[in-house]
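Undergrad: Could you have a look at this structure, given as structure tokens, before my questions?
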Amino acid sequence: MAFKIKKTLLYIFLIALAVTCLLPFLLMIVNATRSGREIMTSFTLIPGHSLKENWEAVFGYFNLFLGFWNSLKVAVPATVLMAYFSALTAYALAVYKFKGKNIIFYTIVVFMMIPGQLGLIGFYNLVVKLGLLDTYVPLIIPAIASTGTVFFLRQYILSVLPMSLLEAARIDGAKELHIFHRIVFPIMAPGVATMAIGGFIGNWNSYLLPLILIHKPEKLTLPVMVSSLRSSQDIATNQGAIYLALAISIVPIMIVFCFCSKYIISSISTGSVKE
Amino acid sequence: MAKAKTAKKKRRNINNMAYLFVAPFVIVFLVFSVYPVLRTLHISFTEYKGYGAMKFLGFTNYLRVFQDKFFWKALLHTLNIWIVNIVLQLGLAFLLTIIFSDMKYRMKGLGIFRALFYLPNIIAVTSVAFLFQTLLDWRFGTFNQILMKAHLISEPINWLGQTSSAPYVISVIQSWIWFGNSFIMLMAGVQGINRDYFEAAAIDGAGRWKIFGKITLPLLRPILLYVGITSLIGGLQMFDLPFLMCGGTKGDPLGSTQTVTMYMYKFGFETRQMGYASAIAYVLFLMILTVSIIQFKVMNRGEE
């Protein structure tokens, strides 16, 4: 009996913790449908009737869908480049013997330990010199050199790719790039997908770099646009509109999470055990 | 003989393909990772507004960092926020690991709970910051309304307006974002432990806490260290959350939430003293490097 009570108490604790993780988002969605006055005077989990007014207030101030589109224009190419070139680099480092291979590998390991902010000022300076301020190039192209992803995928190839497969393909006369595209990449796909999902979320949520590099209002990405809400006096007084804007910015990533949480969690698990 | 030679030559040709494969990575890496880091080092020895001429100063900027009491205050604030954060985050992750790895209770639903606990981690910090800022609003926030209705407080609390609570609000939110991640790592560690150990210990009559203290904890030590130290490295660079929730680089109230990176950002992008900002970045880097070296030493000792 005591056993059952204790077990029930543990479940109650777990559920309470899960509610703590969900409640802020739930309140956000509910408050997005209520008027500023209602939110200021009371709280509830029952949706209100002011969704339309809030919507008009948000989109009267700025076009959130433009921010959406801008974020997509950065996150999608950056993720694709990261996935493809990291896989290619990792494959070369894992399979071939060539001069400089060890130097490249150790430099990658060293740079994984260097905090991103160390080069921030030099990076900004470089972008200014190249005349790339207010373009997406400095947000996309550096994804080609994602040290952490290359490191992870190199380990991944070493554990999943049988070298005899490559030999067989070579005897059949297949070209090296062809082997990579047709044989190696499909075998690596689960590992690449895991890194790509993480990379997409990271790019989509990125704040500091776009904050520094993008200033034109029509080019702002979603996180920077959302953070600029606070400076608007007319909207800051209408909490309903704030909640709605936040909800719109969060919902897509939640949908991604619903479908991909398994991949994300498995990547964290393997990362921790291998370190 | 001749055949062996051509085979060898062919192999060399195959290996030469590797240069082509790594070339894009190497070029982009040199331009966008290596160059900025070296350029920042160069700027740290100069006076530079981000445009115009650079004036070479030698170590002046570094001496200034060491004498700058606001820098050390920012470092203390950063550590203050981080310590409360990591205690909460790891404590909670640990508790959850114990609950889910218990042989007697055999709790169900690990998959779904894990996903729910991880959810806060994938939401953009800008959105999280703004959401909590609105929920915690002194006069109109939903959070104070709930507490007042539950009669836990009689007057609204100005969570982000007083130095006694603002830094810890940041700590709690930071823990809320990261505890799921720590839990997943620790749980993966427990699942990696051979079940025979637990069963043998149970047969020998060892109790739950004894098994935990003698088997689980020692075997989890490397992961625990890894989680703790990566969190310290991340914590020393904390920026987004306090920057967004506490009045930009000022770190309201009274600078109690101003972190080192916010302080650096202020000089780099607000007052345009890029040389000084770069020096701050390098001093912070040296601190992180020291922590990393200690981590490496301690973890290697654990393996021997």
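Undergrad: Please pick out the residue among B:K73, B:K69, B:K108 that is over 30 Å from B:Y282 (Cα atoms), among the basic types (K, R), out of contact with any Leu (no Cβ under 9 Å at 6 or more places or on another chain) and surrounded by fewer than 18 Cβ atoms within 10 Å (Cβ to Cβ).
TA: Values: B:K73 fails: over 30 Å from B:Y282 (Cα atoms); B:K69 fails: over 30 Å from B:Y282 (Cα atoms).
Just a single option satisfies the conditions, and that option is B:K108.
Undergrad: Across segment A:1-37, which residue is nearest to the chain's Cα centre (by Cα) among those that are surrounded by 13 or more Cβ atoms within 10 Å (Cβ to Cβ) and of a type in the set (G, A, S)?
TA: Top of the filtered list is A:A18.
Undergrad: Further question on the same structure: All but one of (1) farther than 14 Å from B:L232 by Cβ; (2) at pLDDT 90 or above hold for B:K250, so report the exception by its number.
TA: (2)
Undergrad: While we're looking at this one, here's another question. What tally of residues in segment B:106-133 results from selecting those that are within 25 Å of the chain's Cα centre (by Cα), within 30 Å of B:L217 (Cα to Cα) and within 7 Å of chain A (Cβ to nearest Cβ)?
TA: Total satisfying the criteria: 9.
Undergrad: Condition first: assigned to a helix (DSSP H, G or I), in contact (Cβ under 8 Å) with a residue 40 or more places away in the chain and at the interface with another protein chain (Cβ under 9 Å from one of its Cβ atoms). Can you find one or more residues in segment B:134-154 that meet it? Break it down stepwise before answering.
TA: Taking segment B:134-154 and keeping what is assigned to a helix (DSSP H, G or I), we get B:134-135, B:142-149.
From the residues that got through so far, the ones that are in contact (Cβ under 8 Å) with a residue 40 or more places away in the chain too are none.
Within segment B:134-154, not a single residue is assigned to a helix (DSSP H, G or I), in contact (Cβ under 8 Å) with a residue 40 or more places away in the chain and at the interface with another protein chain (Cβ under 9 Å from one of its Cβ atoms).
Undergrad: Within segment A:1-37, how many residues turn out to be within 21 Å of B:L96 (Cβ to Cβ), small (G, A, S) and either at the interface with chain B (Cβ under 10 Å from one of its Cβ atoms) or part of a loop (DSSP other than H, G, I, E, B) (or both)? Spell out how you get there, then give the answer.
TA: We begin by selecting, within segment A:1-37, every residue within 21 Å of B:L96 (Cβ to Cβ); these are A:3-25.
Okay, now just the ones that are also small (G, A, S), so A:16, A:18.
When the remaining residues are screened for being either at the interface with chain B (Cβ under 10 Å from one of its Cβ atoms) or part of a loop (DSSP other than H, G, I, E, B) (or both), the result is A:18.
Within segment A:1-37, residues that are within 21 Å of B:L96 (Cβ to Cβ), small (G, A, S) and either at the interface with chain B (Cβ under 10 Å from one of its Cβ atoms) or part of a loop (DSSP other than H, G, I, E, B) (or both) number 1.
Undergrad: Next question. Could you figure out which of (1) buried (at least 17 other Cβ atoms within 10 Å of the Cβ); (2) within 25 Å of A:V30 (Cβ to Cβ) isn't true of A:V251?
TA: (1)
Undergrad: With segment B:203-304 as the region, which helices (runs of 4 or more DSSP H) entirely inside it contain at least 2 residues that are without any contact (Cβ under 8 Å) to a residue 40 or more places away in the chain and either in contact with a Lys or Arg (Cβ under 7 Å, 6 or more places away or on another chain) or on the phi < 0 side of the Ramachandran plot (or both)? Walk me through it before giving the result.
TA: Details: elements: B:208-211, B:217-236, B:240-245, B:260-265, B:274-303.
Helices (runs of 4 or more DSSP H) meeting the threshold: B:208-211, B:217-236, B:260-265, B:274-303.
Undergrad: Identify all residues within segment B:252-273 that are more than 10 Å from every other protein chain (Cβ to nearest Cβ), crowded, with 17+ Cβ neighbours inside 10 Å and within 20 Å of A:S228 (Cβ to Cβ); write none if there are none. Show your work before the answer.
TA: Quick first cut of segment B:252-273, residues more than 10 Å from every other protein chain (Cβ to nearest Cβ) only: B:252-259, B:262-263, B:266, B:270-273.
Add one more test, that the residue is crowded, with 17+ Cβ neighbours inside 10 Å, and what stays is B:252-253, B:255-259, B:262-263, B:266, B:273.
Residues satisfying the conditions are B:D252, B:M262, B:K266.
Undergrad: Can you pull out every residue in segment A:175-195 that is away from chain B (no Cβ under 13 Å) and either out of contact with any Ser or Thr (no Cβ under 7 Å at 6 or more places or on another chain) or modelled with pLDDT of 90 or more (or both)? Talk me through it step by step, then tell me what you get.
TA: To start, the set of residues in segment A:175-195 that are away from chain B (no Cβ under 13 Å) comprises A:182-183, A:186-195.
Within segment A:175-195, A:R182, A:I183, A:P186, A:I187, A:M188, A:A189, A:P190, A:G191, A:V192, A:A193 qualify.
Undergrad: Identify, please: which residue in segment B:156-205 is aromatic (F, W, Y) and surrounded by fewer than 23 Cβ atoms within 10 Å (Cβ to Cβ) and is, among those, farthest from B:L224 (Cα to Cα)?
TA: Step one: filter segment B:156-205 for residues aromatic (F, W, Y), giving B:159, B:168, B:176, B:178-179, B:183, B:197-198.
Within this subset, residues satisfying the condition of being surrounded by fewer than 23 Cβ atoms within 10 Å (Cβ to Cβ) are B:159, B:168, B:176, B:197-198.
Values: B:W159: 31, B:Y168: 23, B:W176: 18, B:Y197: 20, B:F198: 20 Å.
Looking at the filtered set, the residue picked out is B:W159.
Undergrad: Restricted to segment A:38-51, and to residues that are surrounded by 13 or more Cβ atoms within 10 Å (Cβ to Cβ) and not in a helix (DSSP H, G or I), which residue is nearest to the other protein chains (Cβ to nearest Cβ)?
TA: Of all residues in segment A:38-51, those surrounded by 13 or more Cβ atoms within 10 Å (Cβ to Cβ) come to A:38-40, A:43-44, A:47-48, A:50-51.
Next, only the ones that are not in a helix (DSSP H, G or I) stay: A:43-44, A:47-48, A:50.
On the way: A:F43: 5, A:T44: 9, A:P47: 14, A:G48: 13, A:S50: 15 Å.
The selected residue is A:F43.
Undergrad: Determine which member of the set A:F200, A:F123, A:F111 is among the aromatic types (F, W, Y) and either in contact with a strand residue (DSSP E or B) (Cβ under 8 Å, 6 or more places away or on another chain) or more than 21 Å from B:Y35 (Cβ to Cβ) (or both).
TA: Only one candidate qualifies: A:F200.
Undergrad: Checking the condition touching a residue at least 60 places away in the same chain (Cβ under 8 Å) and within 23 Å of B:H42 (Cβ to Cβ), which residue from A:V127, A:V150 passes?
TA: Details: A:V150 fails: within 23 Å of B:H42 (Cβ to Cβ).
The conditions single out A:V127.
Undergrad: Within segment B:55-123, considering only helices (runs of 4 or more DSSP H) that don't extend past its boundaries, which have at least 3 residues that are modelled with pLDDT of 95 or more?
TA: Values: elements: B:60-67, B:69-101, B:110-122.
Because the criterion is at least 3 residues that are modelled with pLDDT of 95 or more, the helices (runs of 4 or more DSSP H) in segment B:55-123 that meet it are B:60-67, B:69-101.
Undergrad: Counting just the residues of segment B:83-105 that are buried (at least 20 other Cβ atoms within 10 Å of the Cβ) and of a type in the set (V, I, T), which one comes out farthest from the other protein chains (Cβ to nearest Cβ)?
TA: Taking the candidates together, the pick is B:I86.
Undergrad: I need the full set of residues from segment B:31-49 which are farther than 30 Å from A:V109 by Cβ and surrounded by fewer than 16 Cβ atoms within 10 Å (Cβ to Cβ), in order please.
TA: B:K49
Undergrad: Are there any pairs, at least 6 apart or on different chains, whose C-beta atoms fall under 9 Å, with the first in segment A:161-173 and loosely packed, with under 10 Cβ neighbours inside 10 Å and the second part of a helix (DSSP H, G or I), and if so, which?
TA: A:P162/A:I187
Undergrad: Can you go through B:I233, B:I229, B:I211 and tell me which one is modelled with pLDDT under 90, more than 17 Å from B:Q89 (Cα to Cα), of a type in the set (V, I, T) and surrounded by 16 or more Cβ atoms within 10 Å (Cβ to Cβ)?
TA: Values: B:I233 fails: more than 17 Å from B:Q89 (Cα to Cα); B:I229 fails: more than 17 Å from B:Q89 (Cα to Cα).
Unique residue meeting the criteria: B:I211.
The values are calculated or read from the model by the stated rules, or taken from the named source; none is laboratory data. Just so you know, these numbers come straight off a predicted model, no measurement behind them. Virtual Cβ from ideal backbone geometry, glycine too; neighbours counted across all protein chains shown.
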